[in-house]
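Report on the following structure.
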Amino acid sequence: MRVLGIETSCDETGIAIYDSRKGLLAHSVYSQTEIHAEFGGVVPELASRDHVRKILPLIHNVLNDASMTGRDIEGVCYTKGPGLVGALLIGAMVGRSLGFAWGVPTIGVHHLEGHLLAPFLDENPPQFPFLALLVSGGHTELIKVERFGHYQIIGDTLDDAAGEAFDKTAKLLGLGYPGGAALAKLAESGDSSRFQFPRPMVDRPGLDFSFSGLKTFALHTVKKYGPQAYADIARAFQDAVVETLMIKCRRGLQETGYQRLVVAGGVGANLALRKTFHEALTLKQNISLYFPAQQFCTDNGAMIAFVGCQRLLSGEKDDLNVKVYPRWPISELKINRVNLA
Ligand code: KG4
Ligand code: ZN
């Protein structure tokens with residue numbers, strides 16, 4: 001089956017064509033970050049309007065890149081939630097309309113299921129079951145993935161998401177928005193021994209996270225030491241987030257008895273995180289680690305096309321209602337039968 005995937009849950013317009021036999025055939029992501037940068041965060045109305053402007057030309061280009069027309073598409077998949085309601089509606093309306101026009105089924109996909117299963121776009125995907133750490137701008141969750149469609153959240157953040165903490169701390173350091181990647185770059189030249197930030201919640205039992213205290217710790221350090229210390233602060237902050245995430249993952253792996261860990265979402269692109277996880281979990285504990293390719297860590301249409309394709313193949317499809325879900329717990333997802341294709 002060959003499907004078109006559409007992602008518009010936030011400030012990226014992602015389009016892809018995925019074939020269940022041949023894999024990913026073409027994809028493209030347009031990021032609106034420049035539009036939102038001057039406001040220091042995503043402005044929902046501007047996001048919706050820009051999706052309207054970009055979505056059809058992008059679909060046209062991706063079809064061209066795959067040397068295809070709408071007649072070659074056998075299903076349309078779009079992100080149905082969670083996310084910004086206006087932005088989600090653009091992808092849903094365009095996806096449903098194209099499905100109607102082309103006479104093919106459509107399916108609304110859970111954005112986080114897309115992130116979780118993004119490593120399946122790779123040549124060496126994980127086997128089930130596995131533990132997943134989902135670390136993005138809006139989420140920090142440890143999820144027990146028994147098999148496709150069966151997700152149990154066993155750890156969650158009590159306040160800021162990891163990416164949100166990166167972005168807020170980056171802002172303190174004058175790095176603009178979204179500053180996660182820029183903070184990581186600055187941290188490369190920082191001295192890891194100068195400041196010691198706390199590792200929140202690691203001395204308590206359980207798998208939950210809390211990152212808002214780290215941002216406050218960074219604020220006090222910035223005020224006390226000033227711009228000359230920014231690289232060292234970035235390094236201390238990143239070390240604290242990464243080590244905290246690693247400790248909770250190690251605990252989650254112990255509790256579930258699983259030997260495989262998937263790290264998905266934008267913060268999974270962080271190279272210091274990848275290195276620390278490799279050393280602590282793979283080298284020391286023989287855990288198999290799976291990261292999506294860098295381009296599929298952040299929001300993209302390929303992960304939506306992949307998940308939607310599996311669900312369409314399992315016999316699911318939309319009814320005539322067009323609905324989106326700005327809030328939608330992943331634990332509510334189910335699927336009856338599926339053989340990953
Ligand atoms: O998954 P994603 O693209 O969007 C959401 O669904 O939220 O994740 C975006 C988040 C942002 O907070 C961004 O700053 C962070 O991922 N991020 C990073 C890095 N690259 C992106 N954080 C730390 N290090 C990075 N290299
Ligand atoms: Zn995302």
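The values are calculated or read from the model by the stated rules, or taken from the named source; none is laboratory data. These figures come from a predicted structure and were not determined experimentally. Cβ sites come from the backbone with ideal geometry, for glycine too, and all protein chains shown count toward neighbours.
Okay, here's what the table says:
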{"item": "Considering residues of the stretch 119-140 that are under 19 Å from LEU261 (Cα atoms), within 12 Å of ligand 1 (Cβ to nearest atom) and of a type outside the set (A, V, I, L, M) only, the residue surrounded by the most Cβ atoms within 10 Å (Cβ to Cβ)", "result": "THR140"}
{"item": "Subset tally (residues that are within 14 Å of ligand 1 (Cβ to nearest atom) and either closer than 21 Å to GLY174 by Cα or in contact with a Lys or Arg (Cβ under 6 Å, 6 or more places away or on another chain) (or both)) for the stretch 244-268", "result": "3"}
{"item": "Tabulated pairs, the stretch 182-193, first assigned to a helix (DSSP H, G or I), second polar (S, T, N, Q), C-beta under 8 angstrom, 6+ apart or interchain", "result": "LEU183/THR169; LEU183/GLN238; ALA184/GLN238; ALA184/ASN270; ALA187/GLN238"}
{"item": "Tally of residues being at pLDDT 95 or above and within 13 Å of ligand 1 (Cβ to nearest atom) across the stretch 37-62", "result": "1"}
{"item": "Subset of the stretch 21-63 (residues that are touching a Gly at 6+ places or on another chain (Cβ under 7 Å) and among the charged types (D, E, K, R))", "result": "GLU45"}
{"item": "Enumeration of residues in the stretch 1-30 that are out of contact with any helix residue (DSSP H, G or I) (no Cβ under 9 Å at 6 or more places or on another chain) and without any contact (Cβ under 8 Å) to a residue 40 or more places away in the chain", "result": "LYS22"}
{"item": "Residues within the stretch 253-282 that are more than 16 Å from ligand 2 (Cβ to nearest atom), small (Gly, Ala, Ser) and touching a residue at least 12 places away in the same chain (Cβ under 8 Å), tallied", "result": "2"}
{"item": "Long-range neighbours under 7 Å by Cβ, at least six apart or interchain, first residue under 15 Å from ILE17 (Cβ atoms) and part of a helix (DSSP H, G or I) within the stretch 286-308, second within 15 Å of ligand 2 (Cβ to nearest atom) and among the polar types (S, T, N, Q)", "result": "ILE304/THR79"}
